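Structure record follows, encoded as C-alpha cells.
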Amino acid sequence: MALLLRLVLLCGVADFTSSLSITTPDQMIEKAKGETAYLPCKFTLSPEDQGPLDIEWLLSPADNQKVDQVIILYSGDKIYDDYYQDLKGRVHFTSSDLKSGDASINVTNLRLSDIGTYQCKVKKAPGVGNKKIQLTVLVKPSGIRCYVDGSEEIGNDFKLKCEPKEGSLPLQYEWQKLSNSQKLPTLWLPDMKSPVISVKNASTEYSGTYSCTVTNRVGSDQCQLRLNVVPPSNRAGTIAGAVVGILLALVLIGLIVFCCRKKRREEKYEKEVHHDIREDVPPPKSRASTARSYIGSNHSSLGSMSPSNMEGYAKTQYNQPSSTILLVQPDFSRSKGSLGFPRLSPLLKQMSGLSEVEHLYIQMINT
C-alpha cells in the first residue's frame with residue numbers, strides 16, 4: 001500500500017515539473033524617471049502544452065485605487081498594446097518571437113505614475129504560469145543650488161546651503177573644498193554630510209570654492225559656490241550717504257513743485273488782467289473822427305452867424321480846449337493891412353486826414 005502511494009506521488013511530481021513554468025523569479029526593480037525599465041519574463045513549455053499561446057501583462061497601480069489594468073497582450077499570433085492609455089506607445093515586447101519562451105517587456109520614458117506591481121501571465125493549455133515584478137520609479141537629484149545665507153564678512157555668522165530642486169528620498173550630501181589647500185575647517189566636519197553648513201565667527205581662511213554633491217539610489221548632481229570672506233564694510237558711511245541722497249532728492253522735488261506752482265500763478269494773473277482790460281476799457285477814438293465831429297458841429301452853426309458876430313464866436317471857440325488847435329502852425333510874418341491866416345504844417349495836414357476847406361475853417365476860427 002505504501003509502495004503504491006509513492007508511485008502515485010512520483011507520477012504527480014513528474015506531471016507538474018513537465019508543465020509550463022516561468023523561470024524568472026519575483027523581483028524588485030528601481031529606475032530613474034525618464035529611463036527605460038526592462039521587466040523580464042521567460043518561460044519554458046512541456047510537450048503536453050499544445051493549446052494556443054497567450055501572454056498577458058497586467059499593472060496593479062501603487063495607489064491601490066485602480067483595478068488591475070491590462071497593458072499589453074499577445075493572443076492569436078497578434079500583439080495588442082493599446083489597452084492602457086497611460087502606457088500607450090511606451091510598452092513593447094523585447095522579443096520578436098514570443099514562442100521562443102521570452103515574454104519580457106520594456107517600459108520607456110518612465111514616469112512616477114508607472115510605479116506599481118507588474119504581473120506576467122503565460123498560458124498554453126493545459127499549462128499556466130505567472131510572475132510579479134515590483135517597479136519603483138525614482139527621481140534623480142537635479143537643479144542643485146548652492147548659496148551663502150548671510151553676510152560674508154569677518155566675524156559674522158552665516159550658512160552655506162545646498163538645495164536640490166527635485167530628487168527622491170533618501171538624499172545624501174557631501175561637501176568638498178576645491179581650492180586654498182582643499183582643507184576643510186575642523187569645526188565644519190560634523191556638517192559635511194548635511195545640506196547646511198553653519199559658519200561661526202568667519203575668517204579669511206574660510207574663503208575658497210566649495211562643491212556640494214547630492215546623491216540618491218538612481219543618480220547624483222553637483223553644484224559649486226565661491227566664498228569670499230571680506231573685512232566689515234563702513235555701514236555708518238553707507239547710511240549717512242543714503243540719508244544725504246534722500247534729503248537732496250526731497251529738496252529737488254520741493255524746488256520743482258515750487259517752480260510749477262509759481263508759473264501757474266503767473267499764468268492765471270496774466271489771464272485775469274487781460275480779461276479785465278478787454279471788458280472794462282473802451283477803445284480810444286481817433287483824432288480824425290474827433291476833428292470831423294468838431295467841424296461838423298461848427299458847420300451847422302456857421303450859417304446862422306453874421307460877419308459881425310463871427311469874431312466873437314471864433315474867440316469863444318479859441319478859448320475852449322480842443323485837440324484841433326494842435327494842428328495849426330501860427331504865421332507871424334503877415335504884412336500890415338493884409339489879411340493872412342496862420343499856415344498849417346503839411347505834415348500835420350497829412351496826419352489829420354482833413355480836407356483843405358476844413359483846414360481853412362480851423363485857421364479862421366483860431367485867428
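The values are calculated or read from the model by the stated rules, or taken from the named source; none is laboratory data. Predicted, not measured: the structure shown is a model, and the values here were computed from it. Here the Cβ positions follow ideal geometry from the backbone for every residue, glycine too, while neighbour counts run over all protein chains shown. Note: accessible area is taken over every heavy atom of the protein model, side chains too, but ligands, DNA and RNA are not part of it. Shrake-Rupley method; radii C 1.70, N 1.55, O 1.52, S 1.80 Å.
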Violating pairs (Cα-Cα greater than 27 angstrom) within the set 88/140; 88/131; 31/124; 159/183; 33/183; 66/121: 31/124; 33/183
Lys, Arg +1 and Asp, Glu -1 on Cβ, resulting dipole of segment 112-235 about Cα centre, debye, nearest 20: 960 debye
Å² per residue, accessible surface of segment 34-116 at 1.4 Å: 53 Å²
Accessible area of residue 94 in the full protein assembly, 1.4 Å probe (Å², nearest 10): 60 Å²
Spin-label pair residue 207/residue 60, simplified geometry with 7 Å Cα→Cβ offset, distance in nm: 6.2 nm
Portion, in percent, of the accessible area of segment 21-113 that falls on carbon or sulfur, probe 1.4 Å: 47 percent
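Provide the per residue accessible area, probe 1.4 Å, for segment 135-199, rounded to a whole number of square angstrom.
On the way: 3590 Å² over 65 residues.
Using a 1.4 Å probe on heavy atoms only, each residue of segment 135-199 averages 55 Å².
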